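Below is one structure, written out as structure tokens, with a few remarks after it.
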């Protein structure tokens with residue numbers, strides 16, 4: 001008899017927590033779809049950085065003056081209260097210029113580039129910290145606290161992006177697509193094939209959201225994209241015979257391949273032009289507006 005009473009007591013005391021868990025479950029399921037629209041900034045890490053040192057492909061090689069605006073739109077699906085899938089389409093521009101550094105080798109190399117970036121990705125988000133207060137219903141005569149939801153999360157995913165680097169020629173002052181010109185001998189030497197301008201990337205980073213009510217909120221996300229190409233800036237390996245480039249692709253191509261300020265042997269065929277040991281990467285910092293979509297009725301009212 002005493003054992004039965006103890007079991008009944010435990011069940012009775014557990015009812016509030018069970019009910020609360022059911023209400024939380026009902027709430028996230030009712031708003032598991034979400035649109036997001038954002039604006040922010042991007043920057044590039046590669047051979048054409050701007051720090052006053054030899055290129056490192058690291059954050060300390062970041063050139064702040066080359067930060068460019070970004071636009072993003074996304075759709076989010078909550079798998080459960082702690083995990084979500086989020087797909088983004090992001091448009092931005094990346095650029096770099098050796099003239100922005102005082103490091104002797106890079107400044108004399110005198111290369112530059114810019115490219116638009118079109119990226120589509122799918123990320124898995126994992127909640128690190130979350131807090132929710134308030135109810136979703138307003139009942140006459142019932143006082144309730146303000147409704148809000150805040151969350152901090154980390155993400156990792158996979159994406160595909162398209163780029164098309166262009167360089168500014170000192171001959172005509174115009175921007176020219178670099179990949180078709182084979183500035184490192186691609187398409188001229190059988191040993192060097194042209195790189196693909198559509199590539200795969202691995203997005204990873206952190207973010208946070210704050211919802212003022214059950215539908216509308218704001219967010220911030222910072223992420224870096226690890227890539228598998230070293231040609232976002234069209235610079236990777238060694239110089240190619242500039243005379244051969246001029247004969248096959250023209251003088252503008254030869255100038256874009258080697259615009260060195262002083263011809264001191266640094267740009268002879270076979271000399272280092274970039275560093276293929278490290279792949280290029282880029283980053284986004286996005287401020288966003290979020291809107292949750294109601295998907296159905298809940299069976300557990302929350303006051």
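The values are calculated or read from the model by the stated rules, or taken from the named source; none is laboratory data. These numbers come from a predicted model, not from an experiment. When we count neighbours, we look across all protein chains shown, and the Cβ atoms used for this are built from the backbone with ideal geometry, even at glycine.
See the values below:
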| read-out | value |
| --- | --- |
| Count of segment 153-185 residues which are farther than 30 Å from residue 122 by Cα and in contact with a helix residue (DSSP H, G or I) (Cβ under 8 Å, 6 or more places away or on another chain) | 11 |
| Only listed residue being out of contact with any strand residue (DSSP E or B) (no Cβ under 7 Å at 6 or more places or on another chain), surrounded by fewer than 13 Cβ atoms within 10 Å (Cβ to Cβ) and either in contact (Cβ under 8 Å) with a residue 40 or more places away in the chain or not in a strand (DSSP E or B) (or both), chosen from 262, 245 | 262 |
| Looking only at segment 108-159, and only at residues there that are in a loop (DSSP other than H, G, I, E, B) and at pLDDT 70 or above, the one that is farthest from residue 231 (Cα to Cα) | 110 |
| Top-ranked residue in segment 226-242 [being outside any loop (DSSP other than H, G, I, E, B) and under 14 Å from residue 186 (Cα atoms); ranked as nearest to the chain's Cα centre (by Cα)] | 238 |
| Residues being loosely packed, with under 13 Cβ neighbours inside 10 Å and either more than 22 Å from residue 98 (Cα to Cα) or in contact (Cβ under 8 Å) with a residue 24 or more places away in the chain (or both) - total across segment 168-192 | 4 |
| Residue match in segment 68-78 (condition: surrounded by fewer than 17 Cβ atoms within 10 Å (Cβ to Cβ) and part of a loop (DSSP other than H, G, I, E, B)) | no |
| Close pairs from segment 199-213: first over 12 Å from residue 157 (Cβ atoms), partner outside any strand (DSSP E or B) and at pLDDT 95 or above, Cβ under 7 Å, at least 6 apart | 199/228; 199/229 |
| Criterion violated by residue 195 - all others in (1) within 30 Å of residue 35 (Cβ to Cβ); (2) surrounded by 16 or more Cβ atoms within 10 Å (Cβ to Cβ); (3) modelled with pLDDT of 95 or more satisfied | (1) |
| Subset of segment 273-294 (residues that are surrounded by fewer than 20 Cβ atoms within 10 Å (Cβ to Cβ) and out of contact with any strand residue (DSSP E or B) (no Cβ under 6 Å at 6 or more places or on another chain)) | 275, 276, 277, 278, 294 |
| Matching residues in segment 265-292 - criterion: being over 23 Å from residue 162 (Cα atoms) and part of a loop (DSSP other than H, G, I, E, B) | 265, 266, 267, 268, 269, 270, 271, 273 |
| Residues of segment 167-210 satisfying the condition of being in a loop (DSSP other than H, G, I, E, B), more than 12 Å from residue 234 (Cα to Cα) and in contact with a strand residue (DSSP E or B) (Cβ under 9 Å, 6 or more places away or on another chain) | 169, 174, 192, 193 |
